[in-house]
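Rule-based calculations on the coordinates, nothing more; no lab input. Everything numeric in this text was worked out from a predicted model, so none of it was measured. In this analysis, Cβ positions are derived from the backbone assuming ideal geometry, glycine residues included, and neighbour counts consider all displayed protein chains.
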Amino acid sequence: MYNVTLIPGDGIGPEVTEAARRVLEASGVAFHWELAYAGAEVLDKYGTPLPDSVLASIRKNRVVLKGPVTTPVGSGFRSVNVALRQGLDLYACVRPCKNYPGVPSLYKDVDVVVIRENTEDLYAGIEYEVGTPEAAKLINFIAETKGDTVRTDSGLSIKMISEAGSRRIVKFAFEYARTYGRRKVTAIHKANIMKFSDGLFLAVAREVAKEYSDIEFQDTLIDNMTMQLVRRPQQFDIIVAPNLYGDIVSDLCAGLVGGLGVAPGANIGDEIAVFEPTHGSAPKYAGQNKVNPIAMMLSGVMMLRYLGEAKTADRLEKAIADVIAEGKQVTYDLKLGEEDARVVGTSQVADAVIEKLKKS
Ligand code: NAD
């Protein structure tokens, strides 16, 4: 029996998490789900979108299945997703992107895993607004130390990449490769231009690669990488990237394999792992039993693998792949034309996967 914190989230979150919970239960592995609520719906009651009780449940169970949570624009409340990643030091964002036959896509046989650093880089939130005394001070400092190179009407966002942060994410990528029998790790960067940030990331990646002689290593400039990914994505296996490039490339890769409805993910630290789809809460579809639960279900497959239940994970993944390939019960985003009669709702996809599991 595994104790798992279940955060249904909001918008389409409760529907897709319920579909994932049902198929995970039907897989034969026993779970005890500890329900935890976060987001706008608990804000009024607790005065925070991320109550301490949620964090306590996560710290106790260490494994989380999470639906998407809305971050209202301009509300002033901090994103629950960012708070979880930073608060629990979930430094690795793992996004497998795989072609499942039956999903409309321009490509075949893509099977890449994007491993993105989650805590540093331009996303650390160290910024100076245009016209503020702090921005002026920094601009002066740059002028004193580097010559007069920054316009005084500039806003500044700091890109910081550390040796320790780079080491742990690259090591994570190689360990992931070993655990899951993958053959190659590609590090992406722009070290020819940003010598002290991306250059550091690259130097550390090369050093770490030497400890893993059983796995091929290559590095590629980010601009070349995006071109290569569009031309021949099949040549890549595991991609490890600093935060910003990882964010962009993981969306590109999700697009290569058919979009958000089939893109699972996880945010993982040394002790705690949160499994959640790449997509958000798509509020306009909330409560309509309409959206695709497969990204959420595949996040559940990742969770099974993380828990060491590889056989069950394979069985569940095959059941999902079979439902997609058979193509009789798929959601609107996988439809082939306007009048596609195969289109069903979220919970019917779960029913179809459960039927497949019963026969496997
Ligand atoms: P979104 O992913 O919620 O939706 C964008 C569009 O993608 C939808 O309108 C829909 O057409 C499609 N889509 C998304 N999920 C789908 C599914 N399962 N099946 C079929 N189609 C699907 O992105 P958004 O509209 O930019 O964000 C909405 C909210 O979600 C925002 O508040 C954002 O902050 C939040 N968000 C949360 C997370 C998270 O919790 N991890 C991640 C991303 C966005």
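About its Cα centre, the dipole of region 8-102 is roughly 380 debye, where the only charges are +1 on Lys and Arg Cβ and -1 on Asp and Glu Cβ.
Angle of helix 294-306 to the longest C-alpha principal axis of the chain, folded into 0 to 90 degrees and rounded to 10: 80°. Dividing the Cα radius of gyration of region 1-134 by its Kirkwood radius returns 1.03 for Rg/Rh. The radius of gyration of the Cα set in the chain, together with its Dmax, comes out at 21.4, 72 angstrom.
What you get for the chain, charging only the Cβ of Lys and Arg (+1) and of Asp and Glu (-1), is a dipole of about 780 debye around the Cα centre.
When the chain is treated as a Gaussian network with alpha carbon springs shorter than 10 Å, the biggest mean-square fluctuation among 165, 258, 147 belongs to 147.
Rounded to the nearest whole angstrom, the semi-axes of the ellipsoid equivalent to region 219-282, taken from the Cα gyration tensor as √(5λ), stand at 22, 16, 10, largest first.
Pairs exceeding 21 Å between alpha-carbon atoms, taken from 159/184; 335/358; 318/359; 284/335; 290/358; 98/190: 159/184; 335/358; 290/358; 98/190. Comparing 179, 278, 226 in a Gaussian network model of the chain, where Cα atoms under 10 Å apart are tied by springs, the biggest mean-square fluctuation is seen for 179. Cysteines in the chain that lack a partner Cβ within the 4.7 Å cut-off: 93. Look at where the Cα atoms of region 163-178 and of region 84-112 average out, and the two centres are 17 Å apart. Summary of the geometry: region 34-80 and region 218-276, compared by the centres of their Cα atoms, lie 26 Å apart. Ranking 143, 227, 325 by how far each Cα lies toward the positive end of the dipole of the chain (charges on Cβ) leaves 325 at the top. A simple charge model with +1 on the Cβ of Lys and Arg, -1 on the Cβ of Asp and Glu and nothing else charged puts the dipole of region 202-360 at about 580 debye relative to its Cα centre. As a ratio to 2.2 N^0.38 Å, the alpha-carbon radius of gyration for region 41-94 is 1.16. Using C-alpha pairs below 8 Å separated by at least 6 residues, the relative contact order for region 1-51 is 44 percent.
Using Cα springs under 10 Å in a Gaussian network model of the chain, which residue among 142, 58, 222 shows the largest mean-square fluctuation? Looking only at 142, 58, 222, the biggest GNM fluctuation is shown by 142. Counting only DSSP beta bridges with both residues in the chain, the antiparallel share comes to about 40 percent.
Computed from Cα positions, the angle between helix 222-231 and the longest principal axis of the chain comes to roughly 30 degrees. Roughly how tilted is helix 243-256, in degrees to the nearest 10 and between 0 and 90, from the longest Cα axis of the chain? The angle comes out at about 40 degrees. Under Stokes-Einstein, with the Kirkwood radius over Cα pairs as Rh, the value for region 60-180 at 37 °C and 0.692 mPa s is 178 µm²/s. Shown in residue order for region 141-154 are the 3J(HN,Hα) couplings computed by the Karplus curve 6.51 cos²θ - 1.76 cosθ + 1.60 at θ = phi - 60°: 4, 5, 4, 5, 8, 10, x, 7, 10, 10, 4, 5, 9, 9 Hz (x for Gly and Pro).
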